Amino acid sequence: MSGNSFGLLYTVTSFGESHGPAIGGVVDGCPPGMTLAAEDLQRDLDRRKPGTSRHVTQRRESDQVEILSGIYEGRTTGTSIGFIIRNEDQRSKDYAEIAAKFRPGHADYTYHRKYGLRDPRGGGRSSARETAVRVAAGAIAKKWLAERYGVRIRGYLAQLGDMAIDFRSWDAVEANGLFVPDPDALPRLEARLDELRRDGDSCGARVNVVAENVPAGWGEPVYGRLDADIAAAMMSINAVKGVEIGAGFASVAQRGSEHGDELTPAGFLSNNAGGVLGGISSGQDVTVSVALKPTSSIRVPRRTVDVTGAPAQIETLGRHDPCVGIRATPIAEAMLACVLMDHALRARAQCADVVHAVAPVPARAP
């Protein structure tokens, strides 16, 4: 199957299925000399893993990562970093009843049409279980970006279904398992999730991600645009159906006098562009918002067809999130980190010797 790798200089390749022995990945392009251990990857894997609360799938996976290559005496060697995460809690019998039917909203039908067969156990290769590999690769990128450039990448849950969430503080985000920035909103959000689970239904979500201290000059015109690569990376995440950079679709209702971010010697006066101008980073925060569809695996009976094309009814049992968005924050952070590291390396390769006569404009005016 092609399409298992992304990135140009910082390249990530993943392998494995939801109910196979393991999932894993290979990272190429990480510069040599950076201290790295499994613990550096484990923190973000623990933030993403299932079974952490009653609101997510109760599949019990420790998601313990084992680094297989690319490290010597605690430092990266510049060669490929291989790692593996073993699957520990598969319940393939949950999918025996639906192996010959196509679940609405899933990739069952399209995989079958493309390959003539599919692995029905937990979605196989199309399962969100694969995103653990991206989170591990993103943790490596986060560490390098922070040490080399001071870049900090954080995300939060901005909306659950029809319930928008105000941003209060980053401290609040890390204090709860839903990545909610407003602690006062937690009770009503948890009540909604409990309601969805009782109903056997699901809802969508919006996740916002911010990268601070991104230097100006990352990204390439015209076909290697930073924002285009970010959008492609975010759209590759399971269940993502929309991506906004900066003001996004709100820019439709803005006037040019409002949308264009004015510059002053003291800094930019706004950031509707989301930190990217002409496909190149401006030095402002890179801001991204992703929309995730409702979980497709629900207990509500639905109409479908079987592999012969005959009409059928399907009800998905097993362990599933009532909202996939509540575990998506570390995944979106990871994809943004991987893209930024890729472009950092590309900018360094071509433009490391560029000398600027004019001081950079600060990211924001005081």
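Where a number appears in this text, it was derived from the coordinates with a stated rule and is not lab data. Since we're looking at a predicted model, the values are computed, not measured. Cβ coordinates were reconstructed from backbone atoms using ideal geometry, including for glycine residues, and neighbour counts include every protein chain displayed.
The average projected area of the range 211-355, computed from the convex hull of its Cα atoms over all directions, is 13.0 nm².
The long axis of helix 131-149 is offset from the longest Cα principal axis of the chain by roughly 10 degrees.
About its Cα centre, the range 5-351 has a charge dipole of approximately 980 debye under the convention of +1 per Lys or Arg Cβ and -1 per Asp or Glu Cβ, with nothing else charged. Under the criterion of Cα pairs below 8 Å and six or more residues apart, the relative contact order for the chain equals 21 percent.
Using the average count of surrounding beta-carbon atoms within 10 Å as a protection proxy, the listed peptides 106-115, 304-313, 31-40 rank, highest first, as 106-115, 31-40, 304-313.
What is the sum of charges, Lys and Arg at +1 and Asp and Glu at -1, for the other residues whose Cβ falls under 13 Å from the Cβ of D162? Kindly include the intermediate steps, with their values, before the conclusion.
Numbers: positive: R188, R192, R206; negative: E195.
Its environment carries a net charge of +2.
Remark on the range 89-202: ratio of C-alpha radius of gyration to 2.2 N^0.38 Å is 1.42. For the pair V358 and A312 in one chain, pulling the backbone fully straight at 0.36 nm per residue adds 9.9 nm over the alpha carbon distance. For the charge dipole of the range 5-351, defined by +1 on Lys and Arg C-beta atoms and -1 on Asp and Glu C-beta atoms about the Cα centroid, which residue among P330, A228, A128 has the Cα displaced farthest towards the positive pole? Highest projection toward the positive end goes to A128.
Could you work out the helix-only [θ] at 222 nm for the chain, with each DSSP H run of four or more residues adding -39,500 (n - 2.57) and the total divided by the number of residues, to the nearest 500 deg cm²/dmol? Walk me through the intermediate numbers first.
Working: 8 runs with 94 residues, N = 366.
Dividing the helical sum by the residues of the chain leaves -8000 deg cm²/dmol.
Relative to the dominant Cα principal axis of the chain, helix 38-48 is inclined by about 60°. Put simply, the amide H of A312, placed in the peptide plane, has neighbours under 5 Å in T304, V305, D306, leaving out anything fewer than 5 places away on its chain. Considering the chain, its Cα convex hull presents a mean projected area of 19.9 nm².
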